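What follows is a single structure, written as structure tokens, with notes after it.
The values are calculated or read from the model by the stated rules, or taken from the named source; none is laboratory data. What you see is a predicted model; the values in this text were computed from it and never measured. Neighbour counts run over all protein chains shown; Cβ positions are idealised from the backbone, glycine included. Remember, those area values only see protein heavy atoms, side chains included, never the ligands or the DNA or RNA. Shrake-Rupley method; radii C 1.70, N 1.55, O 1.52, S 1.80 Å.
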Amino acid sequence: MKYTLGDLASKTGVQLSNKSFANIEVEAVAPVQSASKGEISFCANPKYKKHLSVCQASAVILKEELVDSFSGAVLISKNPYATYAQIAGLLSPADIPTAEVHSTATIHDTARVGRNCYIGPNTVLDAGVVVEDDCLLMAGVFIGKNSSVGKGTRINANVSVYHNCALGKRNIIHSGAVIGADGFGFANDNGKWIKVPQTGGVVLGDDVEVGASTTIDRGALDNTVIEEGVKLDNQIQIAHNVRIGAHTAIAGCSGVAGSTIIGKHCTIAGMCTIVGHIELTDNVRITAMSLISKSIKQSGSYSSGTGFEETTSWRKNSVRFKQLDAISRRLFKLENKS
Amino acid sequence: MKYTLGDLASKTGVQLSNKSFANIEVEAVAPVQSASKGEISFCANPKYKKHLSVCQASAVILKEELVDSFSGAVLISKNPYATYAQIAGLLSPADIPTAEVHSTATIHDTARVGRNCYIGPNTVLDAGVVVEDDCLLMAGVFIGKNSSVGKGTRINANVSVYHNCALGKRNIIHSGAVIGADGFGFANDNGKWIKVPQTGGVVLGDDVEVGASTTIDRGALDNTVIEEGVKLDNQIQIAHNVRIGAHTAIAGCSGVAGSTIIGKHCTIAGMCTIVGHIELTDNVRITAMSLISKSIKQSGSYSSGTGFEETTSWRKNSVRFKQLDAISRRLFKLENKS
Amino acid sequence: MKYTLGDLASKTGVQLSNKSFANIEVEAVAPVQSASKGEISFCANPKYKKHLSVCQASAVILKEELVDSFSGAVLISKNPYATYAQIAGLLSPADIPTAEVHSTATIHDTARVGRNCYIGPNTVLDAGVVVEDDCLLMAGVFIGKNSSVGKGTRINANVSVYHNCALGKRNIIHSGAVIGADGFGFANDNGKWIKVPQTGGVVLGDDVEVGASTTIDRGALDNTVIEEGVKLDNQIQIAHNVRIGAHTAIAGCSGVAGSTIIGKHCTIAGMCTIVGHIELTDNVRITAMSLISKSIKQSGSYSSGTGFEETTSWRKNSVRFKQLDAISRRLFKLENKS
């Protein structure tokens, strides 16, 4: 795909630094350090600003205050990264296979596939499944009984969706993801675990993305709910009856335990643990590898854990951690004396 | 399915609050907050007790001391959650497909499938595989050479079982689980890693449940062993030669490193790390996101990590953590002076 | 397979304790505790030395200083574990299926499969895929458009490789692994996330092993790169544009965030989190469950977190952690007074 800078500016609602650049054509995005003629870059992170003076790109997307840092064409944006994302989407549209139901797919008599869908090799749609128009299901996907896939959704190879789950419109589900497996519900009876049937489902809102090998369990009775615009990275575990508010993003390897409610517009970094049966309000930020063990009622940024250091000194300090209450009390005693 | 309260009481060995309720019929379980006529609820968590006075369920399962909190029919149980689990199992039996070997399944000549089994689309049974009676293998399952699947076991879509692994009876294996991949065994030879062949297998006891995307590696020489009744949640990593004792439950995202032995009736919360070559005795509880770096010889509850707080204060405290040994020594010096 | 000790000594370049042992035959490896006649063991870990005096193996691999601990034949090695790995590889060669393209595999007209390859049931090679000679792709593997698989590589069941990814020679990829899913790249535009197309690929060097359910995301623009000899355990998340240096090993459940560069010969234990946009030099060791939040310029061993203890005392200490800065300041004040 090729676009003129004039076209890109008007499609993304930003300004060109000089109208004379309007007919310059670009056909790809590239990092500011390695871009060459015909490519467009962006710079939002001040860390990379130094590269602008020698950047060979045909154009760069910048905030107004950085316009003079680059000698060529600039698209002036209040949010260069967002403008870049839009332009990259225009220049690198997803490669969509031609509509087809592959001959090796297994489609139940009672399943229904909309118009303009690609159903890949060995993909299985069980009884009562509904796949709306413009969907793309790659190879080896399994969709269980009575589950549905909203318009324009893309499911990559080897994804498993259990029965009675509802995916939204324009979802992107990555390989290895599992949606609707049983929640971890067992009652202990004299030391043995009795399985609690998990009869709820999973409901994903529109524009949700689910990363590779991420697992979202079905609810015990009610549904597990992921609201619109939520982005889940890889290897995330969402337990039964969790609700994640709209436009929240969670980075890789994090886990959310059962029945917890996370608000809208939260950002949770990688490897965080959110315990069960708590509530996080909207606009909460959690830094990497934090354990959130209680509800959070106030928007803001939260953390747990310790800094890292050389193992030899860490050993000494982590021993002292176990004496911390005792040490504190000794200090207080000393204060009282002095 | 419909049952009278009298039937349910006798099948689960509990008492009805009043015999006049014996003929009331219920057909579903529901949460105490939203249950309506024809449904049965339970309340074990005091947090939800407040809902009982307005609960619309036809019956509720309660401990004796709470009988008066609900005006309708009560099933009196010493363990309401366990009774609920049994009743939910009766009212919501798993949906079992009709016995069939799907035409797209690939069954090796030397593999053997018992009576009353469902083998789904594209499922592959390699040479020498034995699947006992009453098993359910959904779509896209792979069972490697000479592995066996015990009676009544259910394997969900896209599960991979390597060669020479033995699943028990009534196991439930969720999608994306991988049983029998090579343990992480390498010898370092002048900076390069030489692979150590992993020639042991994996043995699962009866009534084991393995969550979605959970991985259980084969042993290096001896087997990796998961004893009967163990419940593993999603995204758990069990390394080679681990042994997990009967009726232990491990929550999502936890990892157990090589050759570690975990006792019976332990409960390990989410995102815990148990290092290799240690032993945990029976009845150990580990709280969320703990690092267990040494053997535990005493039953009880163990934890590591820090509480969470706002990031600005956490930064200051986590810097101090690195000075903890030094700070402690300064305190001791001061004590000696005073 | 059967070998004489003389053969094994010469093939692995080590010495026999006495030439008279040269014709003894062994046919399997076994742990020192349970080995019997016809088997060969090793002992590198002093913890297991006590078993040598009663060990029934036909031979044991030991360091020179331990030769006298075992009364039978000894292979004397400077690195017993590495010698053991080599010998185990000779005695237990991987079970390679006969070359075949299974009738249920879906091979695109423009895909190319080399000589002596096994392509298993339901495996899919999309347009332009190249599989070099001597490869083994088990059942249900998906290889996306224009990706390539180097000579002698083994891909286990239900692995997903997206488009434009290049696997090296002699790679071993375990079940459930996902290579080339989209990196987690979104620009926030007034609270909504705009997807940033991920147009880079993934490049794996030669002799790389990727564990079960490990995910390696494709780069945003440039490639994600895993250099030769890197060993990744199960359930690891490698984000977009990460580079991992040659011969580095990472244990299960660890995550590396975007654009981070890890040096050569590093060893990273399980459940570690390496944040994004940092650099770790060569020969860095990270202990289990550490959070690495800044670049490391000095080789050595690093840690974070706290020791574990009984939950009751941990609660007190972890509350004190949140007062640590305040407590420290109180100490300093006291010091100034005294």
For this session: Treating cross-link reach as a plain straight distance, find the aspartates and glutamates whose alpha-carbon is under 17 Å from the alpha-carbon of residue A:322, omitting any fewer than eight places away in the same chain.
Result: B:325, C:309, C:310, C:325
Exercise. If you plug each phi of the range C:103-114 into the Karplus form 6.51 cos²θ - 1.76 cosθ + 1.60 with θ = phi - 60°, what whole-Hz ³J(HN,Hα) values come out, in order, with x for Gly and Pro?
Worked result: 5, 8, 6, 10, 10, 5, 3, 9, 7, 10, 10, x
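Quick check: with the 1.4 Å probe, what order do B:54, A:159, C:101 take by accessible area, largest first?
Of B:54, A:159, C:101, the descending order of accessible area is B:54, C:101, A:159.
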For this session: Determine which lysines satisfy two conditions relative to residue A:11: a Cα distance under 20 Å, and not lying fewer than 8 residues away in the same chain.
Result: A:2, A:19, A:63, A:78, C:192, C:195
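With a cut-off of at most 15 other beta carbons within 10 Å, and DSSP calling the residue loop, which trypsin sites (Lys or Arg not before Pro) in the range C:285-338 qualify? Please list them. Walk me through the numbers before you get to the answer.
Numbers: sites: C:285, C:294, C:297, C:315, C:316, C:320, C:322, C:329, C:330, C:333, C:337; in loops: C:294, C:297, C:322.
Those that pass, being in a loop and sparsely packed, are C:294, C:297.
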Exercise. What is the percent of Cα-Cα separations in the range C:3-91 that go past 14 Å?
Worked result: 55
Exercise. Dipole magnitude of the range C:100-302 about its Cα centre, charges +1 at Lys/Arg Cβ and -1 at Asp/Glu Cβ only, in debye to the nearest 20?
Worked result: 320
Seminar exercise, completed: Classified through the alpha carbon gyration tensor (a ≥ b ≥ c as square roots of its eigenvalues; rounded if a/c is under 1.5, else prolate when a/b is larger than b/c, else oblate), the range A:285-338 comes out oblate
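Need one number: % antiparallel among DSSP beta bridges in the protein assembly as shown, to the nearest 5.
Details: 30 of 226 bridges.
Here the share of antiparallel DSSP bridges comes out near 15 percent.
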Exercise. Which of B:237, A:117, A:271 sits farthest toward the positive end of the charge dipole of the protein assembly as shown, with +1 on the Cβ of Lys and Arg and -1 on the Cβ of Asp and Glu?
Worked result: A:271
Seminar exercise, completed: residue B:310 and residue A:19 label points (each 7 Å along its Cα→Cβ direction) are spaced in nm at 5.1
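May I ask which of A:316/C:333; A:47/C:294; A:47/A:231 have a Cα-Cα span longer than 19 Å here?
A:316/C:333; A:47/A:231
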Problem set entry | Overall Cα dimensions of the range A:216-337 - principal axes, largest extent first, Å | 58, 32, 26
Exercise. Per residue of B:276-286, what is the mean number of Cβ atoms on other protein chains within 10 angstrom of that residue's Cβ?
Worked result: 1
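Treat the range B:100-302 as a sphere of radius equal to its Kirkwood radius over Cα pairs and apply Stokes-Einstein at 37 °C in a medium of 0.692 mPa s; give the translational diffusion coefficient in µm²/s, rounded to a whole number. Spell out each step's value before the answer.
Numbers: Rh = 17.0 Å.
Rounded, D is 193 µm²/s.
Within 10 Å of each Cβ of B:144-155, how many other protein chain Cβ atoms are there on average?
Values: counts 6, 2, 0, 0, 0, 0, 0, 0, 0, 0, 0, 0.
Average neighbour count from other chains, rounded to a whole number: 1.
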For this session: Find, among the trypsin sites (Lys or Arg not before Pro) in the range A:36-90, those assigned to loop by DSSP (not H, G, I, E, B) with at most 16 other beta-carbon atoms within 10 angstrom.
Result: A:37, A:63, A:78
Problem set entry | For the range A:77-141 versus the range C:254-319, the gap between their alpha-carbon centres in whole angstrom | 39
Seminar exercise, completed: Projecting the Cα atoms of A:157, A:212, B:187 onto the charge dipole of the protein assembly as shown, where Lys and Arg contribute +1 and Asp and Glu -1 at Cβ, the residue farthest towards the positive end is B:187
For this session: Using the Karplus curve 6.51 cos²θ - 1.76 cosθ + 1.60 with θ = phi - 60°, work out ³J(HN,Hα) for each residue of the range A:170-176 in order, rounded to whole Hz, and write x for Gly and Pro.
Result: 6, 6, 10, 10, 8, 3, x
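Regarding the range C:91-176, what's the average projected area of the Cα-atom convex hull, expressed in nm²? Spell out each step's value before the answer.
Working: hull surface 19.8 nm².
One quarter of the hull surface, i.e. the mean projection, equals 4.9 nm².
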Problem set entry | Sequence-distant residues sharing a close amide H with residue A:112 (under 5 Å, placed H) | A:129, A:130, A:131
Exercise. What ³J(HN,Hα) values, in whole Hz, does the Karplus curve 6.51 cos²θ - 1.76 cosθ + 1.60 give for the range A:28-45 when θ = phi - 60°, with x put for Gly and Pro?
Worked result: 7, 9, 7, x, 4, 6, 10, 5, 10, 3, x, 10, 10, 10, 9, 9, 10, 8
Problem set entry | Estimated 222 nm signal from helices in chain B, with DSSP H stretches of n ≥ 4 weighted -39500 (n - 2.57), rounded to 500 | -4000 deg cm²/dmol
Exercise. Residues with amide H under 5 Å of residue C:61's amide H, sequence separation 5 or more or different chain, H placed in the peptide plane at 1.01 Å from N; which?
Worked result: C:41, C:42, C:43, C:75
Exercise. Of all DSSP beta bridges in chain C, what percent run antiparallel (nearest 5)?
Worked result: 10
Exercise. Rg(Cα) of the protein assembly as shown divided by 2.2 N^0.38 Å?
Worked result: 0.96
